[in-house]
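Working notes, structure below.
The values are calculated or read from the model by the stated rules, or taken from the named source; none is laboratory data. The structure displayed is predicted, hence computed values, not measured ones. No Cβ is skipped: glycine too gets one built from the backbone with ideal geometry, and neighbour counts run over all protein chains shown.
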Amino acid sequence: MTGPRSASREPQVFFATCAPGAEAALLAEVKAARLGRPEAQVGGVRFQGIVADGWRAVLHLRVALRIYRQLARFAAATAEDLYQGARSVAWDRVMGPEQTLAVDAKVSSSAHRHSGYVALVVKDAVADWFREHHGVRPSVDVEAPDARLFAHVHEDRCTLSLDVAGRSLHRRGYRVAGTPAPLGECLAAAAVGLTGWDGKSPFLDPFCGSGTLLIEAGLLAANVALGLLGSDFSFARLPGFDLARWEEMRSAARAAVRPPRRLILRGGDVDPAAVEATRRNAEAAGVGDLVRVEVADARDVSPTPGWGATVLSNPPYGVRLADEETLEPLYNSMGHVFKDRYKGFHVHLFMASGRLARAFRLKPQRYWPLVNGGLPCRLARYEIR
Ligand SMILES: C[S@@+](CC[C@H](N)C(=O)[O-])C[C@H]1O[C@@H](n2cnc3c(N)ncnc32)[C@H](O)[C@@H]1O
């Protein structure tokens, strides 16, 4: 029998998920956080460590959407295999009998077609295990469970994991004011990472919307671990949680926060409500002092010459053809504006459509395909000379 102390030192396998295309950015930060044996895979990065490394990942990773800790992997050619495999886990090491659970599932298999059914079989196996060993069945809470489980069935194998934070990490807690088309926080962090920005040189977003790119850049520059902003991480309610260890990690992260003295992140938007939203969100994120925004049409902005300055922006993009037609002249003008007034800048644009990218009429030095909420997008890099 292993006690709780030795259990906490047992080797674990984790998988941090991210938006498709953001794997390289996530891999870089998993390495920077010194999480063990990182390996990029499609849709995320696998790493190894002990239970507390999952908490550390929640505290430090910016690009990750969820952190999963693997609980079991077993053959699941039939529903019975799935049930028996899920029932073979010592569940009271994962959650308490009186605690709530939710099971999410993803299926890519010819043996199992419905993710809802897979989730139901796993949930029944957990409930039956608790009834047999503790005489109670845990209840289900799909909104805010104590333990959120994830069953991934690929062909005839199931990987059963615990969602370490119990929720998506995109909820940083700073989005107090919204605008119509905000970029996801984790994707914004990935875009900042992919630009290779050094956290010191000037940074601009002339289509800033609710400020996500500026705020993620500011948090990175100030070395703010995002887990410091959030709370309600479910691992803090589950067996084996070590409050002293978690507080130690948080204190170290707090001590490492260093707002850069001279850095100003500049933003603009033609919509005054967006500018106000950016101000409020930046304030809520604790980077209000670093971010300066103004109401401005990007076509009228003449930045001070900024050799080595980084532009990272997400201009409006049409999902329908009609929107694209309307937006083409804006992209066309911005192509000229960047060419004439942004010499020496590294301009990065997050765009959805190839047609609009072409209207821009600048040749990208490089681009990264990314997926934003199911929509194929690209981050293109232009060196303006
Ligand atoms: C896709 S949104 C940017 C979203 C932003 N990245 C965020 O996370 O909230 C595009 C923004 O461009 C702004 N915009 C549209 N035309 C503009 C122009 N000519 N100059 C400046 N901003 C403009 C819109 O008001 C909108 O807020």
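Of the residues screened, VAL30 is one that is buried (at least 23 other Cβ atoms within 10 Å of the Cβ), of a type in the set (A, V, I, L, M) and without any contact (Cβ under 8 Å) to a residue 40 or more places away in the chain. From the set of residues in the stretch 206-234 that are under 22 Å from ALA181 (Cα atoms) and aliphatic (A, V, I, L, M), which is surrounded by the fewest Cβ atoms within 10 Å (Cβ to Cβ)? Among them, the one singled out is LEU219.
Taking the criterion of being within 19 Å of ARG381 (Cα to Cα) and not aliphatic (A, V, I, L, M), the only residue of the stretch 213-240 that qualifies is GLU216. Among residues of the stretch 302-317 being within 13 Å of the ligand (Cβ to nearest atom) and within 19 Å of LEU263 (Cα to Cα), the one that is surrounded by the fewest Cβ atoms within 10 Å (Cβ to Cβ) is SER313.
Residues that are out of contact with any Cys (no Cβ under 9 Å at 6 or more places or on another chain), modelled with pLDDT under 95 and more than 21 Å from ALA19 (Cβ to Cβ): does the stretch 202-221 have at least one? Checked the stretch 202-221: at least one residue is out of contact with any Cys (no Cβ under 9 Å at 6 or more places or on another chain), modelled with pLDDT under 95 and more than 21 Å from ALA19 (Cβ to Cβ). Counting only helices (runs of 4 or more DSSP H) that sit completely within the stretch 23-133, those holding 2 or more residues that are of a type outside the set (A, V, I, L, M) and under 21 Å from ALA256 (Cβ atoms) correspond to 23-32, 51-60. Please verify whether PHE338 is under 16 Å from PHE207 (Cα atoms) and modelled with pLDDT of 95 or more, treating the condition exactly as stated. The answer is yes for PHE338.
Can you find even one residue in the stretch 42-63 that is among the polar types (S, T, N, Q) and over 17 Å from LEU238 (Cβ atoms)?
yes
Can we say PHE74 is farther than 17 Å from CYS186 by Cα, at pLDDT 95 or above and touching a Ser or Thr at 6+ places or on another chain (Cβ under 8 Å)? The answer is yes for PHE74. The single condition among (1) touching a helix residue (DSSP H, G or I) at 6+ places or on another chain (Cβ under 8 Å); (2) surrounded by 14 or more Cβ atoms within 10 Å (Cβ to Cβ); (3) in the same structural domain as PRO303 (by TED's automatic domain parsing) that LYS200 does not satisfy is (2). Scanning the stretch 131-146 for residues that are surrounded by 12 or more Cβ atoms within 10 Å (Cβ to Cβ) and under 20 Å from the mean Cα position of the chain (by Cα) yields one hit, ALA144.
What residue, among those in the stretch 263-281 that are more than 9 Å from the ligand (Cβ to nearest atom) and touching a Leu at 6+ places or on another chain (Cβ under 8 Å), is nearest to PRO315 (Cα to Cα)? Only one residue tops the list, namely GLY267.
Residue by residue through the stretch 180-228, note down the ones that are within 11 Å of the ligand (Cβ to nearest atom) and hydroxyl-bearing (Ser, Thr, Tyr). SER210, THR212 - these are the residues of the stretch 180-228 that are within 11 Å of the ligand (Cβ to nearest atom) and hydroxyl-bearing (Ser, Thr, Tyr).
Candidates are the residues of the stretch 341-366 that are among the aromatic types (Phe, Trp, Tyr) and under 29 Å from the mean Cα position of the chain (by Cα); the one that is surrounded by the fewest Cβ atoms within 10 Å (Cβ to Cβ) is PHE345. For beta carbons closer than 9 Å, sequence separation of 6+ or different chains, a first residue in the stretch 278-300 that is at positive phi and a second that is in a loop (DSSP other than H, G, I, E, B), the qualifying pairs are GLY286/TYR174; GLY286/ALA222; GLY286/VAL224; GLY286/LEU229; GLY286/VAL257; GLY286/PRO259. Residues of the stretch 177-209 that are of a type outside the set (A, V, I, L, M), within 22 Å of TYR331 (Cα to Cα) and in contact with a strand residue (DSSP E or B) (Cβ under 9 Å, 6 or more places away or on another chain): THR179, THR195, PHE203, ASP205, PRO206, PHE207, CYS208, GLY209. Of all residues in the stretch 237-258, those being closer than 22 Å to HIS170 by Cα and surrounded by 14 or more Cβ atoms within 10 Å (Cβ to Cβ) number 6.
Does ALA177 qualify as being outside the structural domain of VAL103 (by TED's automatic domain parsing), within 12 Å of the ligand (Cβ to nearest atom), touching an Asp or Glu at 6+ places or on another chain (Cβ under 8 Å) and assigned to a helix (DSSP H, G or I)? Judged against the criteria, ALA177 is not a match.
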